[in-house]
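> Got a structure for you, written out below as structure tokens; questions coming shortly.
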Amino acid sequence: MNIMNDSINNINNMVTNDITNFDNYEMITQFSEEAFHDFKNILATISGLTQLTMLKAQSEETKLYLSRIKRATSDFTEALNNYYDFTTGLNNNKKGIHVLSETVDEAISMVKHKFSDSDIINNRLVLNLNIQSKSKVYGYKYKLIQCFLNILTNAIDSMDKAEGILTVKVFNDSSNVFVNVVIIDTGSGISVENLERLFKERFTTKSNGTGLGLKIAKNCVEGHGGSLSITSKINEGTKVHILLPIYND
């Protein structure tokens with residue numbers, strides 16, 4: 001189980017942390033195409049044999065462990081599909097019209113594996129999703145997904161040692177000119193000094209961070225004609241507020 005969960009996290013970390021340069025499209029896509037079918041065949045075999053063994057299992061304890069293996073296999077397959085879809089999308093990334101709330105939801109689905117089973121069972125981390133807008137934006141869908149991935153990952157990581165609530169809101173402003181995406185965590189917060197340095201390239205407070213995530217997110221949002229701002233308090237949490245212009249048909 002630990003090996004499977006580690007593999008899920010590794011795949012999602014590749015999406016959320018390692019893909020920081022869109023010039024790497026071809027390399028990323030080549031890896032995806034070569035590995036995707038091999039991984040899926042292995043996972044299908046594990047899932048099938050697990051299901052067969054469950055039918056023959058006698059004890060409830062054995063059935064419980066097998067069901068967990070099957071669930072982990074399913075989660076791993078979903079993570080793999082997300083990674084493949086994402087990297088394929090990067091390589092074919094073109095401007096288009098997108099429902100922004102659906103783009104946000106795709107990003108959330110790609111980081112949900114950071115909420116481990118134990119976190120959910122023990123209510124350590126809670127996700128509140130409040131979608132009040134179906135407005136469209138015009139832009140690069142997969143660049144926007146990466147933008148949201150970077151912010152969501154930072155939020156989840158900031159709550160790694162305590163109970164936390166991650167809130168994601170999508171709504172229009174009163175004039176229906178901009179769609180708002182607000183991501184709030186109840187994590188460790190950011191000092192005033194570090195807030196001033198957040199968008200400087202290579203600045204990070206993480207031991208394994210690249211210092212590129214927020215800079216990429218800010219550049220992406222501004223490249224779409226929007227804005228990104230951050231407010232935070234130590235030991236209370238952080239709020240990221242994104243504004244993007246609504247596309248009118």
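Each value in this text was obtained by applying a stated rule to the coordinates, not by laboratory testing. Here the structure is a predicted model, which is why all the values come from computation and not from measurement. As a convention, Cβ positions derive from the backbone with ideal geometry for all residues, glycine included, and neighbour counts pool all protein chains shown.
> Once you place label points 7 Å from the Cα toward the Cβ at S67 and N172, how far apart are they in nm?
Taking the two extended label points, one gets 4.5 nm.
> Right, next: Sticking with the crude label model, points 7 Å out along Cα→Cβ, report the distance from D249 to K94 in nm, one decimal please.
It works out to 2.1 nm between the two label points.
> Which length gain, in nm to one decimal place, applies between Y138 and I165 when the Cα-Cα distance is subtracted from 0.36 nm times their residue separation?
Computed gain between Y138 and I165 is 6.7 nm.
> Using Cβ contacts closer than 10 Å as the measure, can you line up C147, C220 from fewest to most?
Starting with the residue having the fewest Cβ neighbours, the order is C220, C147.
> Also: Hey, which of these cross-link pairs are over 18 Å Cα-Cα: K95/K141; K141/K218; K169/K215; K112/K169; K134/K215; K143/K215?
Correct reply: K169/K215; K134/K215.
> Follow-up question, since we're still on this one. Given labels modelled 7 Å from the Cα in the Cβ direction, how far is it in nm from I234 to I131?
3.9
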